[in-house]
Structure formats: C-alpha cells, structure tokens
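*Asks:* Sharing a structure here in structure tokens format.
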C-alpha cells in the first residue's frame with residue numbers, strides 16, 4: 001500500500017491509544033480478521049466456534065470493547081475484559097487448535113498491532129522511525145490480556161518485521177476457512193441498516209490485503225479495483241479529517257463505557 005501525505009497536521013507522535021481512538025480503525029477490521037484466520041489454528045477455531053455470522057453486532061461490540069479496553073482503558077477495565085475473553089475462549093478447542101495456545105494468541109495480538117499500523121499509514125502516514133520501537137512495545141499490551149508474556153514478542157520493531165515475514169510465509173487457508181471469510185465479508189446476519197456499508201467494507205478489506213493473502217482467500221482484484229483503490233486512498237483521509245473530532249472519537253467512548261470497571 002502506498003503511503004500518502006496526510007491532510008492532518010498533528011505534531012504529536014503516534015501512540016496506540018491515539019490510533020485506536022480514531023474511528024478509521026473500523027476500515028481495517030476485515031483485513032485484521034483475514035490475517036488472523038490465515039493462521040490455520042486460528043482460522044479453524046473461529047470458523048467452528050465464533051458467533052460472528054449469527055450475531056455480528058454482538059461480536060463487533062465484544063471485539064472493539066477489547067481493543068479499547070487494552071489501549072484506552074483503566075487497569076480495572078483491562079482486567080475485566082481479560083476475564084471476559086478467557087471465559088469466551090474456554091470451549092474453543094479442537095484438533096490442532098486451542099484458544100489458549102500462546103503461539104496462536106501471539107499471532108492474534110500481532111495482527112492487531114499490524115492492523116493499527118496499516119490504517120495509520122492510510123489515514124496519517126508512516127510512523128516516524130524514532131517512534132517505531134516505542135509504539136511496538138505498547139502493542140505488547142494486547143498479549144498481556146491473553147496468554148502471551150512480554151518475552152514471547154520479538155525484542156524490537158525490526159525483529160518483529162522479520163518475525164512477521166516468517167509467519168506470513170507459513171500461512172494457509174483451507175476451504176472451510178475460505179468459505180467462512182467470504183460469509184463474514186458478505187455480512188452474515190447483519191441488520192439492514194448496516195447493509196449499505198458492506199460493499200465499501202469489503203472493498204477496503206481487499207485493498208488492505210497483499211496480493212498473496214487475497215489469493216489465499218479467493219478475493220478478486222482487478223485493474224479497475226486498483227484504480228478505485230488509488231482514488232480511495234487519496235480522498236478518504238481528506239474526508240475523514242473533515243469530520244468533527246467528537247464524531248471520530250464517539251465509537252471509542254461509547255464502547256469503552258460499556259466495559260465494567
């Protein structure tokens with residue numbers, strides 16, 4: 001994805017909190033799910049146990065509450081969301097996968113970090129080099145609410161990039177996971193008032209994924225799609241930063257308020 005100069009003029013260095021407070025992170029939700037499910041153990045666990053297709057709003061609420069609690073919440077909210085996630089993960093186990101497998105949990109946490117980087121790059125630009133390690137270490141918080149000790153993460157951002165590339169080389173998607181991902185992108189049982197937004201969400205998901213991962217999931221990408229994507233990456237940030245801050249930050253405030261203290 002080509003980085004573009006952002007129309008935003010904020011001199012503050014990026015933090016995980018400042019990124020996840022912005023509503024633009026919702027554009028990256030589908031791509032993050034795809035990255036997660038391309039790890040076979042995660043993909044099978046989600047396809048066989050998740051209620052996303054039947055109760056998409058409930059699953060969205062749970063996922064965003066987790067992201068907001070980890071990056072914006074209090075210690076009490078992080079502890080509460082960790083208890084909730086652990087309870088939900090108890091039945092998620094089967095041949096070749098377990099929701100309590102720390103290697104799979106590290107992959108899930110890593111995709112949340114990478115997803116944040118991707119949408120930040122799209123809407124604000126590249127992370128300054130001198131800020132990369134600090135921002136990366138902040139992402140270790142995603143693992144602390146799962147089963148991932150800090151010591152399991154690569155030691156710095158450069159080491160993480162090498163680790164990520166090695167993990168990507170081992171990803172694979174079978175028919176079960178592929179069908180499930182297509183059903184997710186189709187919206188499942190999403191309510192009628194969200195249906196008009198689904199084509200845009202599907203398009204941005206495809207645009208954020210690299211060609212190899214798109215091919216694994218059987219997601220098409222044409223020359224026309226590429227032209228549309230170039231227009232989207234040019235205009236979406238401009239339109240986004242014209243939106244009042246109270247609206248941009250409302251989802252984070254709304255979902256975080258629902259996490260028990």
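The values are calculated or read from the model by the stated rules, or taken from the named source; none is laboratory data. Remember, predicted model here, so these are calculated numbers, not experimental data. Note: ideal-geometry Cβ built from the backbone for every residue, glycine included; neighbour counts use all protein chains shown.
*Asks:* Test residue 102 against the criterion of being under 27 Å from residue 241 (Cβ atoms) and modelled with pLDDT under 95, and give yes or no.
*Replies:* For residue 102, the condition - under 27 Å from residue 241 (Cβ atoms) and modelled with pLDDT under 95 - is not met.
*Asks:* Now a separate question. How many of the residues in segment 59-103 are within 15 Å of the chain's Cα centre (by Cα) and either without any contact (Cβ under 8 Å) to a residue 40 or more places away in the chain or buried (at least 20 other Cβ atoms within 10 Å of the Cβ) (or both)?
*Replies:* Total meeting the criteria: 12.
*Asks:* Looking only at segment 120-132, count every residue that is surrounded by 15 or more Cβ atoms within 10 Å (Cβ to Cβ) and part of a helix (DSSP H, G or I) and tell me the total.
*Replies:* Result for segment 120-132: 5.
*Asks:* What do you reckon, is residue 162 under 26 Å from residue 110 (Cα atoms), modelled with pLDDT of 95 or more and in contact with a helix residue (DSSP H, G or I) (Cβ under 9 Å, 6 or more places away or on another chain)?
*Replies:* no
*Asks:* Within segment 155-166, can you find the residues that are farther than 19 Å from residue 19 by Cα and within 19 Å of the chain's Cα centre (by Cα)? Spell out how you get there, then give the answer.
*Replies:* Pass one, segment 155-166, residues farther than 19 Å from residue 19 by Cα: 155-156, 158-166.
Hits for segment 155-166 are 160, 161, 163, 164, 165.
*Asks:* Another one. Any idea which residue in segment 136-154 is surrounded by the fewest Cβ atoms within 10 Å (Cβ to Cβ), counting only those that are in a helix (DSSP H, G or I) and more than 16 Å from the chain's Cα centre (by Cα)? Don't jump to the end; show me each part of the working.
*Replies:* Our first condition is that a residue be in a helix (DSSP H, G or I); within segment 136-154, this holds for 136-138, 140-144, 150-152.
Still in the running and more than 16 Å from the chain's Cα centre (by Cα): 137, 144, 150-152.
Values: 137: 16, 144: 14, 150: 11, 151: 8, 152: 14.
Looking at the filtered set, the residue picked out is 151.
*Asks:* To continue, here is another question. Inspect all residues belonging to segment 198-221 and state whether any of them is farther than 16 Å from residue 31 by Cβ and more than 19 Å from the chain's Cα centre (by Cα). Talk me through it step by step, then tell me what you get.
*Replies:* Initial filter on segment 198-221 (farther than 16 Å from residue 31 by Cβ): none.
Scanning segment 198-221, I find no residue that is farther than 16 Å from residue 31 by Cβ and more than 19 Å from the chain's Cα centre (by Cα), so the answer is no.
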